[in-house]
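Next up is a structure, given as structure tokens.
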Amino acid sequence: MKIAIIGTHGVGKTTLAYQIATEAKKRGKNASIVHEVARSSPFPLNDGFTSDGAHWIITTQIKRELEAKAQKADVIVCDRSAYDPICYLHATDEYADSFQDLESFAEAWTKTYDLIFYVVPSWQNLTDDGVRSMDLDYQKRINNEFLYFLDRIRGDNVHEVHDYKIFSSKLDEVYKVIFKC
């Protein structure tokens, strides 16, 4: 099973990824986390994000997901999806129709996720980690791109998408969805 955790920056995706992986291990499953790759990108993030950065992040994300699959993990938890960079690219002035092929490729890859959890923002102040943008308006623009993407893929009979409010006590519900118990 491969799970993607998506959403704008600073909403708790990494925390949720670790919680799911820990629970999987408690249940005797071999779990692997595909950590967010954007932090290791050689290209600018945030307001300086370009199609070069999107290409690098998407291909690196897919490479790491394939490596986890090759290691035969029972549960692969992806801290972000291959489509996330497209949401960030849409929010820049850099996006152009010529990137449609990259967007189509990233969207097609989302069909490889068995479950997608969208983490709903709490709209509280961001924590400065030296990487992510601290601009709340930028965070909201990115979130709107995720909402647009989710509207397009819901109900396509391919994706099982769940909203997860990280500050609610819904972990038991998440585990029921994942582990069918």
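The values are calculated or read from the model by the stated rules, or taken from the named source; none is laboratory data. Note that this is a predicted model, so its numbers are computed, not measured. Because the Cβ atoms are built from the backbone with ideal geometry, glycine has one as well, and the counts that use them run over all protein chains shown.
For (1) on the phi > 0 side of the Ramachandran plot; (2) in contact with a Gly (Cβ under 7 Å, 6 or more places away or on another chain); (3) at pLDDT 85 or above, each residue gets a yes or a no:
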| position | (1), (2), (3) |
| --- | --- |
| 144 | no, no, yes |
| 148 | no, no, yes |
| 157 | yes, no, no |
| 175 | no, no, no |
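Another question, then. Among 77, 11, which is part of a loop (DSSP other than H, G, I, E, B), surrounded by 24 or more Cβ atoms within 10 Å (Cβ to Cβ) and of a type in the set (Val, Ile, Thr)?
Of the residues listed, the single one that is part of a loop (DSSP other than H, G, I, E, B), surrounded by 24 or more Cβ atoms within 10 Å (Cβ to Cβ) and of a type in the set (Val, Ile, Thr) is 11.
Name the pairs: first residue in segment 120-140 and closer than 16 Å to residue 38 by Cβ and outside any helix (DSSP H, G or I), second residue at pLDDT 85 or above and of a type in the set (S, T, N, Q), Cβ to Cβ under 6 Å, at least 6 apart or on different chains?
133/46
Further question on the same structure: Quick check on residue 96: is it surrounded by fewer than 20 Cβ atoms within 10 Å (Cβ to Cβ), small (Gly, Ala, Ser) and within 20 Å of residue 144 (Cα to Cα)?
yes
Can you pull out every residue in segment 32-52 that is under 16 Å from the mean Cα position of the chain (by Cα) and touching a residue at least 24 places away in the same chain (Cβ under 8 Å)?
Passing the criteria: 32, 33, 34, 35, 36, 37, 38, 39, 45, 46.
Scanning for something surrounded by fewer than 21 Cβ atoms within 10 Å (Cβ to Cβ) and either within 27 Å of residue 148 (Cβ to Cβ) or in contact with a Ser or Thr (Cβ under 9 Å, 6 or more places away or on another chain) (or both), does segment 24-31 turn up at least one residue?
Within segment 24-31, not a single residue is surrounded by fewer than 21 Cβ atoms within 10 Å (Cβ to Cβ) and either within 27 Å of residue 148 (Cβ to Cβ) or in contact with a Ser or Thr (Cβ under 9 Å, 6 or more places away or on another chain) (or both).
Here's something else I'd like to know. Being surrounded by 18 or more Cβ atoms within 10 Å (Cβ to Cβ), aromatic (Phe, Trp, Tyr) and in contact with a Phe, Trp or Tyr (Cβ under 8 Å, 6 or more places away or on another chain) is the filter here; which residues of segment 107-135 pass it?
Within segment 107-135, 117, 118 qualify.
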